[in-house]
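Before I ask anything, here is the structure I am working with.
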Amino acid sequence: MQGDGAADGGAAVPGRGVAERVFREEHGRAVAVLVRVFGDVDVAEDAVQEAFVEAVRRWPADGAPPSPAGWIITTARNKAIDRLRREALRDGKQAQAVLVRAGEPVEVSAVQDDRLRLIFTCCHPALGLQARVALTLRLLGGLTTPEIARAFLVPEKTMAQRLVRAKAKIRDARIPYRVPEEAELPGRLSGVLAVIYLVFNQGYAGREELGAEAIRLGRVLRELMPDEPEVLGLLALMLLVESRKVARVKGGELVLLGDQDRQLWDRGLVEEGQALVRQCLAINRPGPYQIQAAINAVHSDAATAEDTQWEQILQLYDQLMVVAPTSVAALNRAVAVAEIEGPGAGLALVEGLDLGRYYLFHAVRADLLRRLGRDDEATDAYREAIELTENEAERAFLKRRASC
C-alpha cells in the first residue's frame with residue numbers, strides 16, 4: 001500500500017486496484033474505528049496496514065468483497081486481537097488491558113464521528129503543533145512519511161522521528177480518544193483547524209479524496225461550533241478554493257488563476273463560501289482563515305482577471321501579516337504588490353524570503369524575472385521549481401514556461 005519505502009512494479013490487476021482505491025478513501029476511517037475499539041494508536045495503525053497487505057494478496061485472486069471497507073475493518077480488528085492475544089500470553093499486562101478495553105462500551109460524545117475523535121486525539125496540546133498535523137495526516141489520510149515531509153518542507157528523517165515521538169507521547173501520556181468537553185473546545189481548536197487545512201492542501205495537490213475529507217470535517221466542525229468564526233472561515237476558504245478545481249487543470253497542465261475559464265467555477269460552492277465570509281464579517285473577530293477566505297472571495301467576485309480588486313487583496317494581505325505573519329503569506333502578498341506596483345517591487349520582496357525549499361517561491365520568482373526581461377535567470381528559477389514539485393500538472397506548466 002502506502003507503506004514508507006515500499007515499491008511494487010507488478011502489472012495492475014482489478015483486485016489490487018480496488019484495494020488501492022479503498023486505501024485512499026478509507027484508511028482514515030479504518031484507523032479511527034480501530035483506535036476507538038482498542039484505544040491504542042500503534043495497534044490500530046499496524047493492524048490496518050496488515051489488513052491492506054492481506055487485501056492486496058487475496059483480492060486479485062478471490063475478487064473484492066461486497067463491502068471492501070467493512071472487510072478491511074473486520075480483518076484489521078481480527079489481526080489486532082490475534083496480536084494482542086499473543087502478547088498477552090508472553091508478558092502482556094498492557095495487551096490484556098487493551099483486550100479488555102475492546103469489549104467495553106464506546107463513550108458517547110457530542111460528535112459521533114470516529115475520525116473527528118482521532119483528530120482531537122492527535123491534536124492534543126501535549127503534542128507540538130507540527131507533530132499534531134503530521135500525525136493526523138499519517139493516521140487519517142494514510143500519507144507516507146515522504147509525503148508528509150514534503151508538506152512540511154522538512155527532511156524525511158526529521159519527519160519520521162517526529163511521527164515516532166508523537167505516537168509515543170500519546171501512548172505514554174495516556175491521551176484520551178475523545179472529543180473534548182464543550183468548555184475545552186476553543187483552546188483545542190487551532191490545532192484541529194491546522195490539521196484540516198493541511199489535509200485539504202494535500203487534496204489540492206492531487207489527492208482529491210483528502211480534499212473531500214477536509215471539507216467534510218470542516219462541515220462537522222461547523223455543526224459543532226456554529227458561532228466560531230475561524231471554523232466558518234476555514235470552511236469558506238476550502239469551498240472557495242475547491243470551486244475552481246475543474247478550471248485549475250487543462251490538458252494535464254496547471255492553469256493559473258488569472259488564465260482560468262471562470263465559467264467552469266462551481267457557482268454553488270462560490271456562493272456558499274461567500275455567504276460564510278459574510279457571516280465572519282458580521283461576527284467581526286478576524287483570524288487568519290477568515291482573512292484568507294476573504295481574499296479568495298474577492299477573487300471569486302471578479303468576472304474576469306482584469307476586474308480583480310488587487311488593492312483590496314493587498315489590504316487583506318496586510319491584515320493577514322499582522323494577524324499571522326508567515327513567509328508563505330509574505331510571498332502571496334508580494335504577488336499582489338507586483339500587480340499594483342509592478343514586477344520589480346514584487347521581486348524585491350520575494351528576494352528577501354527564506355523559502356528555498358518551496359517550489360512556489362521559485363515559480364513566483366521566475367514569473368517576476370520573466371516579466372522584467374531577465375529570461376536566463378527566469379529559466380533557472382523555473383528549473384528550481386520543477387525540481388521541488390512532484391505534481392505532474394504543475395511540472396507540465398513549469399516546463400512549458402521554462403522553455404518559452
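The values are calculated or read from the model by the stated rules, or taken from the named source; none is laboratory data. If you're wondering where the values come from, they're calculated on a predicted model, not measured in any experiment. Virtual Cβ from ideal backbone geometry, glycine too; neighbours counted across all protein chains shown. With ligands, DNA and RNA removed, areas are computed over all heavy atoms of the protein, side chains included. Shrake-Rupley method; radii C 1.70, N 1.55, O 1.52, S 1.80 Å.
When the helix-only estimate is applied to the chain (DSSP H runs of n ≥ 4, each -39,500 (n - 2.57), divided by the residue count), what is the mean residue ellipticity at 222 nm, nearest 500 deg cm²/dmol? Before the final figure, lay out each step's value.
On the way: 20 runs with 289 residues, N = 404.
The helix-only estimate for the chain comes to -23000 deg cm²/dmol at 222 nm.
With a Cα-only, solvent-free Debye model of the range 173-278, what are the log10 I(q)/I(0) values at q = 0.15 Å⁻¹?
Here the Debye-derived log intensity ratios amount to -0.68.
Please compute one quarter of the surface area of the Cα convex hull for the range 290-404 and express it in square nanometres.
7.4
Straight distance only, please: which lysines reach the Cα of residue 399 with their own Cα at less than 26 Å, same-chain residues fewer than 8 apart left out?
Cα-Cα hits under 26 Å: 245, 250.
Which three semi-axes in whole Å describe the equivalent ellipsoid of the range 171-235, each the square root of 5 times a Cα gyration tensor eigenvalue, listed largest first? Can you show the working numbers first?
Working: eigenvalues 96, 55, 17 Å².
They are 22, 17, 9 Å, listed from largest to smallest.
Please report, in debye to the nearest 20, how large the charge dipole of the range 119-278 is about its Cα centre when each Lys and Arg carries +1 at its beta carbon and each Asp and Glu carries -1 there.
Numbers: 23 positive and 20 negative charges, 141 e Å.
Dipole magnitude for the range 119-278 comes out near 680 debye.
Can you give the accessible area per residue of the range 331-400, in Å², using a 1.4 Å probe? Don't jump to the answer; show the numbers that get you there.
Values: 3470 Å² over 70 residues.
I get 50 Å² per residue for the range 331-400.
On to the next question. Please work out the average accessible area per residue across the range 136-224, using the 1.4 Å probe convention, and give it in Å². Present the calculation step by step, with values, prior to reporting the outcome.
Values: 3970 Å² over 89 residues.
Per-residue value: 45 Å².
Helix 156-172 versus the longest principal axis of the chain: what is the Cα-based angle in degrees, 0 to 90, to the nearest 10?
The helix 156-172 is inclined about 50 degrees to the chain.
Label residue 321 and residue 281 with points 7 Å out from Cα along Cα→Cβ: what is the distance between them in nm?
About 2.4 nm, to one decimal.
Can you check what the net charge comes to around residue 253, using other residues whose Cβ is under 12 Å from the Cβ of residue 253 (Lys, Arg +1; Asp, Glu -1)?
Values: positive: 248, 250, 395, 399, 400, 401; negative: 259, 392, 394.
Local net charge: +3.
On to the next question. Across the Cα atoms of the chain, what radius of gyration and what greatest pairwise Cα-Cα distance (Dmax) are found, in Å?
Here Rg and the maximum Cα pair distance are 22.9, 73 Å.
Moving on to the next point. Under a plain spin-label model, where a point goes 7 Å from the Cα along Cα-to-Cβ, how far apart in nm are residue 345 and residue 399?
3.7
Quick check for me: using +1 on Lys/Arg Cβ and -1 on Asp/Glu Cβ, what's the dipole size of the range 127-212 about its Cα centre, in debye to the nearest 20? Numbers along the way, then the final one.
Working: 13 positive and 8 negative charges, 90 e Å.
Dipole magnitude for the range 127-212 comes out near 440 debye.
If you take the charge dipole of the range 305-404 about its Cα centre, with +1 on Lys and Arg Cβ and -1 on Asp and Glu Cβ, which of 326, 349, 361 is farthest toward its positive end?
So the residue furthest toward the plus end is 361.
Residue farthest toward the positive end of the dipole of the chain, with Cβ of Lys/Arg at +1 and Asp/Glu at -1: which of 287, 63, 141?
63
Summarise the accessible area of the chain (1.4 Å probe, protein heavy atoms) by the percent that is carbon and sulfur. Each step should come with its number before you reach the end.
On the way: 9630 of 19400 Å².
Ligands and nucleic acids excluded, carbon and sulfur give 50 percent.
Give, rounded to the nearest 20 debye, the magnitude of the charge dipole that the range 209-293 has about its Cα centre when Lys and Arg contribute +1 at Cβ and Asp and Glu contribute -1 at Cβ.
Numbers: 11 positive and 13 negative charges, 32 e Å.
It works out to roughly 160 debye.
Would the range 187-346 count as rounded, prolate or oblate if I go by the C-alpha gyration tensor, calling it rounded below 1.5 in a/c and otherwise prolate when a/b exceeds b/c, oblate otherwise? The partial results should precede the final answer.
Values: a/c = 1.58, a/b = 1.19, b/c = 1.33.
It comes out oblate by the Cα gyration axes.
While we're looking at this one, here's another question. Semi-axes of the equivalent ellipsoid of the range 242-298: what are they in whole Å, largest first, if each equals the square root of 5 times a C-alpha gyration tensor eigenvalue? Can you show the working numbers first?
Details: eigenvalues 137, 27, 11 Å².
For the range 242-298, the ellipsoid semi-axes come out as 26, 12, 7 Å.
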